[in-house]
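The values are calculated or read from the model by the stated rules, or taken from the named source; none is laboratory data. Owing to the predicted nature of the structure, the values given are computational and were not obtained by experimental measurement. Reconstructed Cβ throughout: ideal geometry from the backbone, glycine too, with neighbour counts over all protein chains shown.
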Amino acid sequence: MAADYTCPNCGAPVKPDWSLCPQCGHSKPITLGRIRCRVCGRPAAATLYTCPECGARLEAKPLPLLQISLGALLLFGLVWGGIQLKPVLFSSTEQVALMVNPPTATATPTHTATSTATATSTSTNTPTPTATPTGTRPPTATPTPTPTPTDTPVIVPIQGPTDTPTPTPTPTPRFGKPVLLGPAGDEIYSRSEELVLRWQDMGPLAPNETYAVRLTWLQNGQISFGGTNVKENFWIVPPALYWGLADEFTGRKYEWYVFVEAITTENGQQVAKPVSDVSDRWTFLWQ
């Protein structure tokens with residue numbers, strides 16, 4: 001059976017109206033639709049789990065027209081509210097200023113009659129004679145004992161060892177950087193030739209790990225994305241899916257790269273994460 005579509009999980013040929021892959025049982029709807037990444041804004045195939053450009057979880061970016069409309073509506077509401085409240089604010093400001101700094105009343109001067117002081121006679125006091133003390137021996141002072149200072153022990157708190165925070169190690173990818181083998185250097189292929197992308201074997205892969213092969217090209221002046229996930233260290237690019245999509249003014253140029261990807265389950269959902277570095281990007285011409 002000749003099919004124009006492949007399963008995004010195992011790459012097996014499928015029909016566009018199938019909801020399940022007969023080879024691996026993948027249940028995600030099989031479609032060639034495209035969405036824009038909510039993080040970097042680059043378009044990508046809807047069959048991917050992660051953005052091939054920034055690696056973020058692939059979710060559709062909200063329409064910019066809706067964001068602009070909400071921002072314009074909020075700005076209009078703020079301007080309209082400011083116009084309506086301007087007279088009230090000015091009136092309230094004047095009242096508050098009068099309450100804080102009320103006007104000071106000017107005092108009216110009052111004429112007060114000045115009285116004349118009358119001279120008062122002052123009597124002279126006669127000093128009283130002071131008795132002369134009889135000679136008596138003053139008492140002898142008893143010496144007060146001086147207390148002996150006592151050494152007071154000083155309690156010094158014992159400090160425990162200072163806790164040093166343990167640095168969190170940066171996770172290292174399970175695999176290194178894949179090494180591409182070909183094609184490279186803008187090698188030209190025709191549609192009738194078999195186009196095989198090859199790279200060095202990275203060693204045994206876990207059951208949930210695959211090679212993620214990614215293609216990019218310019219289509220109608222916009223960057224487009226494609227690719228698949230395979231267990232082998234090569235991929236035969238299907239002409240029915242990708243030939244003739246790249247713009248002619250680019251020479252029908254395609255760019256490709258590879259990395260190792262693992263499928264894990266988080267919160268009941270499957271999530272694709274890279275477990276290796278991304279390879280170099282090579283190009284070929286498919287004319």
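Some observations on this one:
- Qualifying residues in segment 269-287 (those that are in a loop (DSSP other than H, G, I, E, B) and out of contact with any Leu (no Cβ under 9 Å at 6 or more places or on another chain)) - the one farthest from residue 50 (Cα to Cα): 287
- Residue 12 vs. criteria touching a Phe, Trp or Tyr at 6+ places or on another chain (Cβ under 6 Å) and modelled with pLDDT of 70 or more: no
- Top-ranked residue of segment 269-286 - restricted to ones that are among the hydroxyl-bearing types (Ser, Thr, Tyr) and surrounded by 18 or more Cβ atoms within 10 Å (Cβ to Cβ), ranked as farthest from residue 56 (Cα to Cα): 279
- The combined condition, being within 22 Å of residue 6 (Cα to Cα), modelled with pLDDT under 95 and part of a strand (DSSP E or B), is not fulfilled by residue 223.
- Entry remark, segment 226-265: residues being out of contact with any strand residue (DSSP E or B) (no Cβ under 9 Å at 6 or more places or on another chain) and either among the polar types (S, T, N, Q) or not in a helix (DSSP H, G or I) (or both) number 0 in total.
- Residue selection: residue 185 fails the criterion of being of a type in the set (Gly, Ala, Ser) and within 19 Å of residue 8 (Cα to Cα).
- Residue selection: residue 273 fails the criterion of being more than 19 Å from residue 176 (Cβ to Cβ), among the charged types (D, E, K, R) and in contact (Cβ under 8 Å) with a residue 60 or more places away in the chain.
- When residue 35 is tested against the conditions (1) farther than 19 Å from residue 269 by Cβ; (2) modelled with pLDDT of 55 or more; (3) not in a loop (DSSP other than H, G, I, E, B), the lone failure is (1).
- Scanning segment 224-235 for residues that are more than 17 Å from residue 204 (Cα to Cα) and exposed (fewer than 14 other Cβ atoms within 10 Å of the Cβ) turns up nothing.
- Inspection of segment 246-255 identifies no residue that is aliphatic (A, V, I, L, M) and in contact (Cβ under 8 Å) with a residue 60 or more places away in the chain.
- Exclusive hit being at pLDDT 75 or above, more than 30 Å from the chain's Cα centre (by Cα) and surrounded by 10 or more Cβ atoms within 10 Å (Cβ to Cβ), set 20, 75: 20
- Residue that is surrounded by the fewest Cβ atoms within 10 Å (Cβ to Cβ), among those in segment 236-268 that are among the charged types (D, E, K, R) and within 21 Å of residue 51 (Cβ to Cβ): 266
- Of all residues assigned to segment 189-203, none qualifies as being closer than 20 Å to residue 53 by Cβ and not in a strand (DSSP E or B).
- Yes/no for residue 67 being modelled with pLDDT of 80 or more and surrounded by 10 or more Cβ atoms within 10 Å (Cβ to Cβ): no
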